[in-house]
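I have placed the structure first, in the form of structure tokens, so that the comments after it can refer back to it.
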Amino acid sequence: MSHICKKKPAVCTDEPLSNSSICQKMALLRNILSTAYGPTGRLKQMHNNVGGHVLTTSTSTALLKRVDMSEPLLKMISTAVQHHTTRYSDSGLFMGILMLRLIENTQKYNLRTAAAAKVYKHIVEECNTYLKGDSCGCKVPVDLTSCDSLIALKTQHISSLIAQAFLYSTPCNSSGVTCFGRTVTIGIEGQSVRLLVDVPEMLQTVDLKRLGSGPFKVVVFNVSLSGDISDLEDVVLEIHREVDPERDLLQQLLKLGEQVVKDKVRLFACQKVVHPILHHYLRKHGVAVIERLGLALIEPFVQITGAQAVASLYSSVPAEAYGIVKGFCFQSCGSRVLLQLLPSKDAAVSTMVLCHRNETMLEELKMTCQRAEHVLRLTLREPYALLGGGCTETLLATHIKHMNQSKAATTPAALCVSQSEFLMAVEAFCNSLQSVALSLEHDGQDCLIDLTYAHRWVTDIYSKTCGCGLVEDRSNLEKTLLNTVYHTFSPVSLENTDNQPRILHSFSAKLNALNVAVEMANFVLDVKYIIKDIN
């Protein structure tokens, strides 16, 4: 017997930011992101109430994917951060914290939404002009010929190895259109962390001994060679009596095998499964077989061999589809035996083999390395970096505050806001930036700002430099607590210093995060109604 339920009316929430429950959830999200921020950010462990997989992470990408949010505004904020990290791989936590702080401070200062949006948009345009200009005090050029400047972009112990793998994937001495190589990342559980450069796959020693010395001809297939009819996918078969399609398919595979043997192929690779009979036939004729390469390895495999992936088993392999390798050998790493391919010419392909004692931290390490490589590639396109350690935030906030206070007589009229609203919005924006710098401290130490260069400091007797490592401490360098009242000033440019910054951030990633954070904060502040269908 069917049962018809009466449709329930949609739930409408007006002025969602005046709802204490929604504000508490936003504050909780900001606290989660803030406590995970920076090199000493605290790990978060997530699991559901009935057990299952446990995730331990401090990255915004993994955090926000696993946190289930019921509030539409929080979902929108989370989606914006995830879209940013998908494109830039960095500054996701910075973007989330700044966005939520801007929303909170707008309410705290009791600013009109329209006035705040106009001033925030004006300020972020000033930030873009300053950060892209030659006089920017928190931007440094990145010398791509120096490993030191690359390593400064990441402060982990493995940063030098990440830089090495990145350099291996960067083509050199190329003319015309240049394409990036690939870094394949493989995790092995049970060992301490190290890095190797190789191409993985299991193979027996006896197969390699038969081959002798290289170079060797290679063929690569990206279709299944299992001989299974189901692998033909959405194809309608019309089978006549006394016809065995599986037998005919196997004969076609063996015909393919005969051709590659005749063409003196010595390495036969397949993205998917190879039929056992074809596998045996090839090995019998001195051909080494690699199967189940997977989608992630096909592209770098093609790059390193110079082969063209063959997509059909019903036609002969064209001569131009064959590739060459100089040789291959085994590399052992923990519980895995890997095959290292030696390219016949320069190939911008490498493999990072990452090892750790447990699966959870191995995934975190793998994600960190992949993000780091992506950031380095962004730096090739725009060879600049921003000072880390909270110094960019404090310096930018000081510059914006000083510049806008000097223009407080003229700018408000141009923006159609009152002078008091303009100054309060500037204060809210600068306070939000400095709050991001405050989020870097997780051990209860006070965060300071010096009143000369506007860099961030911590009250640590062992620390002799600022957060980024560029400014050295001295007795006459006046400092005050962050986010307290102090006189406005124009930060002094640091000149004639031999110091190099210890921590840098991706210029492209942070600039985009700043712009999207302000845009999303203005959008959330402008939401007047939330209409939710509860059926």
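The values are calculated or read from the model by the stated rules, or taken from the named source; none is laboratory data. What you see is a predicted model; the values in this text were computed from it and never measured. Cβ atoms come from the backbone with ideal geometry, glycine included; neighbour counts cover every protein chain shown. These accessible areas exclude ligands, DNA and RNA; they are computed on the full protein's heavy atoms, side chains included. Shrake-Rupley method; radii C 1.70, N 1.55, O 1.52, S 1.80 Å.
Determine which member of the set THR394, THR368, THR351, THR379 is more than 17 Å from the chain's Cα centre (by Cα) and assigned to a helix (DSSP H, G or I).
THR394
Identify, by number, the condition in (1) modelled with pLDDT under 80; (2) over 29 Å from the mean Cα position of the chain (by Cα); (3) buried (at least 16 other Cβ atoms within 10 Å of the Cβ); (4) not aliphatic (A, V, I, L, M) that PHE330 doesn't meet.
So PHE330 meets the others, but not (3).
On the given criteria, is SER508 at pLDDT 85 or above, surrounded by 11 or more Cβ atoms within 10 Å (Cβ to Cβ), assigned to a loop (DSSP other than H, G, I, E, B) and touching a helix residue (DSSP H, G or I) at 6+ places or on another chain (Cβ under 8 Å)?
Taking the combined requirement at face value, the residue does not satisfy it.
Anything in region 462-503 that is outside any loop (DSSP other than H, G, I, E, B), of a type outside the set (Ser, Thr, Tyr) and either over 33 Å from the mean Cα position of the chain (by Cα) or within 26 Å of GLU427 (Cα to Cα) (or both)? List them, or say none.
Result: LYS479, LEU481.
What's the number of the only condition in (1) open to solvent by less than 40 Å² (accessible area, probe 1.4 Å); (2) part of a strand (DSSP E or B) that LEU63 fails to meet?
(2)
Being in a loop (DSSP other than H, G, I, E, B) and open to solvent by 80 Å² or more (accessible area, probe 1.4 Å) is the filter here, so list the residues in region 511-527 that pass it.
The one that is in a loop (DSSP other than H, G, I, E, B) and open to solvent by 80 Å² or more (accessible area, probe 1.4 Å): ASP526.
Does ASP68 satisfy being modelled with pLDDT under 85 and part of a loop (DSSP other than H, G, I, E, B)?
yes
Name the residues in region 255-277 that are free of Cβ contacts under 8 Å to residues at least 40 places away in the same chain and buried (at least 16 other Cβ atoms within 10 Å of the Cβ), would you?
Within region 255-277, GLY257, VAL261 qualify.
Within region 3-22, work out how many residues are open to solvent by less than 70 Å² (accessible area, probe 1.4 Å), without any contact (Cβ under 8 Å) to a residue 12 or more places away in the chain and either assigned to a helix (DSSP H, G or I) or not assigned by the TED database to the domain that holds LEU73 (or both).
Final tally of qualifying residues: 1.
Does region 419-441 contain at least one residue that is in a loop (DSSP other than H, G, I, E, B) and open to solvent by 40 Å² or more (accessible area, probe 1.4 Å)? So that I can check it myself, show each step before the final result.
To start, the set of residues in region 419-441 that are in a loop (DSSP other than H, G, I, E, B) comprises 439-441.
When the remaining residues are screened for being open to solvent by 40 Å² or more (accessible area, probe 1.4 Å), the result is none.
No, there is no match, as no residue in region 419-441 is in a loop (DSSP other than H, G, I, E, B) and open to solvent by 40 Å² or more (accessible area, probe 1.4 Å).
Select, from MET424, MET352, MET403, MET361, the only residue that is farther than 19 Å from TYR37 by Cα and assigned by the TED database to the domain that holds PHE328.
One residue alone meets the criteria, MET352.
Of all residues in region 35-55 being touching a residue at least 12 places away in the same chain (Cβ under 8 Å) and within 20 Å of ASP68 (Cβ to Cβ), which is least open to solvent (accessible area, probe 1.4 Å)?
Among those that are touching a residue at least 12 places away in the same chain (Cβ under 8 Å) and within 20 Å of ASP68 (Cβ to Cβ), it is ALA36.
Identify, please: which residue in region 23-60 is part of a helix (DSSP H, G or I) and among the β-branched types (Val, Ile, Thr) and is, among those, farthest from GLY467 (Cα to Cα)?
Ranking the candidates gives ILE32 first.
Can you confirm whether LEU93 is in a helix (DSSP H, G or I), within 18 Å of the chain's Cα centre (by Cα) and either among the hydroxyl-bearing types (Ser, Thr, Tyr) or at pLDDT 90 or above (or both)?
In short, yes.
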